[in-house]
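Just below is one structure, and these are the notes that go with it.
The values are calculated or read from the model by the stated rules, or taken from the named source; none is laboratory data. Predicted model only: the values in this text are computed from it and were never measured. When we count neighbours, we look across all protein chains shown, and the Cβ atoms used for this are built from the backbone with ideal geometry, even at glycine. These accessible areas exclude ligands, DNA and RNA; they are computed on the full protein's heavy atoms, side chains included. Shrake-Rupley method; radii C 1.70, N 1.55, O 1.52, S 1.80 Å.
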Amino acid sequence: MSITFHMATPNFAFEARDVDISQPLSAADVAQLRKGWLDAGGVLFLRKQDITPDQHIDFSRHFGNVYDQGPVNNPALAGYYLEGYPQIFQVTNKKLADGRPVGREDAGTYWHSDASWQPEPPTGSLLYARELPSTGGDTIFANMYQAYETLSEPMKKMLEGLEAQHTLLSAVLQTSYAKEYVGKLDQAQSKNAVHPVIKTHPETGRKLLFVNPGFTSHIIGLPRDESKAILDYLFAHSTKPDNVYRHVWQLGDLLMWDNRSVMHYAVPNYKAFGIRYMHRTTIKGIPQ
Ligand code: SIN
């Protein structure tokens, strides 16, 4: 295939054209897509793909090992995987005839990078649009390389060497996760990890800011009020309009994000406008 890449917003988020992922890809095609994904700052999308769940999983496997039952391992989410496909998580407001949910309705409706409370957070996810409302339901991505690069030199120097605590409890206290952890806050608290505030991407070698409002509770070694002031500033800085790409979904879009270099936010403003039905695979993290 002769794949071409088109920037969707300055220096971030590329569309790969002239690719049909229902067809076998050569090693050279995969290498080109991987390079495009990394060059794009970690958001790459392909329009008009007509793929089965098996083809979605096979395509995902070109980028690493795919999770069965996702990175969260939460029994409350077990029913949300596509029947017969434990690799495919359903994100949707669709309901069964008896009113039970088909998938998770409010997945990721806040700024976060997936499961950063794990020592080895997922490498990335591949989200495929199967049904869309007439408006709304976009996903917004923040470029964490650019967030780092646009900090002042004194701020970069101050953050260098600092580490932050990430915990699932943070999201449970602030988001719809709350309903899945009623009476189990200790479990959410026990899911935690420490990461450098400034990380180096293992593949691109570029520095990036690795904190997110969903899971980062505090910067280690600072008084709580200093930590909060600095994190609030970093979150606001990272999500400035100049630093984000807003993906307006079209049916058949397959979008992959690099969880190591972007934060994302699923905008839950569409529910009066129809069904949004997405299939998601997630690539396991690798030791860094
Ligand atoms: C997620 O955070 O995985 C959900 C993304 C989306 O539905 O747009």
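Residues that are closer than 30 Å to residue 165 by Cβ, out of contact with any strand residue (DSSP E or B) (no Cβ under 7 Å at 6 or more places or on another chain) and more than 16 Å from the ligand (Cβ to nearest atom): does region 79-101 have at least one?
Checking region 79-101: not a single residue is closer than 30 Å to residue 165 by Cβ, out of contact with any strand residue (DSSP E or B) (no Cβ under 7 Å at 6 or more places or on another chain) and more than 16 Å from the ligand (Cβ to nearest atom).
Can you tell me which of (1) in a loop (DSSP other than H, G, I, E, B); (2) touching a His at 6+ places or on another chain (Cβ under 7 Å) is the one residue 107 doesn't meet?
(2)
Only residues in region 117-130 that are more than 17 Å from residue 214 (Cα to Cα) count as the first member; pair them with residues that are of a type in the set (Asp, Glu) and part of a strand (DSSP E or B), Cβ under 9 angstrom, at least 6 apart or cross-chain, and list the lot.
As it stands, the answer is 123/258, since those pairs meet every condition given.
Give, as residue ranges, the helices (runs of 4 or more DSSP H) completely inside region 163-281 that count at least 3 residues that are within 15 Å of the ligand (Cβ to nearest atom).
168-174
Hand me the list of strands (runs of 3 or more DSSP E) wholly inside region 4-104 holding 3 or more residues that are more than 30 Å from residue 188 (Cβ to Cβ) and open to solvent by less than 30 Å² (accessible area, probe 1.4 Å).
Numbers: elements: 4-9, 12-17, 43-46, 85-92.
The strands (runs of 3 or more DSSP E) meeting that bar are 12-17, 43-46.
Quick one: residue 132 ticks every box in (1) out of contact with any strand residue (DSSP E or B) (no Cβ under 6 Å at 6 or more places or on another chain); (2) closer than 20 Å to residue 71 by Cβ bar one, so which box is it?
All conditions pass for residue 132, except number (2).
So, of the residues in region 126-161 that are of a type in the set (Phe, Trp, Tyr) and away from the ligand (no atom under 12 Å from the Cβ), which turns out to be farthest from residue 21 (Cα to Cα)? Please lay out each step first, then the result.
Let us first name the residues in region 126-161 that are of a type in the set (Phe, Trp, Tyr), namely 128, 141, 145, 148.
If we keep only those that are away from the ligand (no atom under 12 Å from the Cβ) too, we end up with 145, 148.
Numbers: 145: 28, 148: 33 Å.
In this case the residue turns out to be 148.
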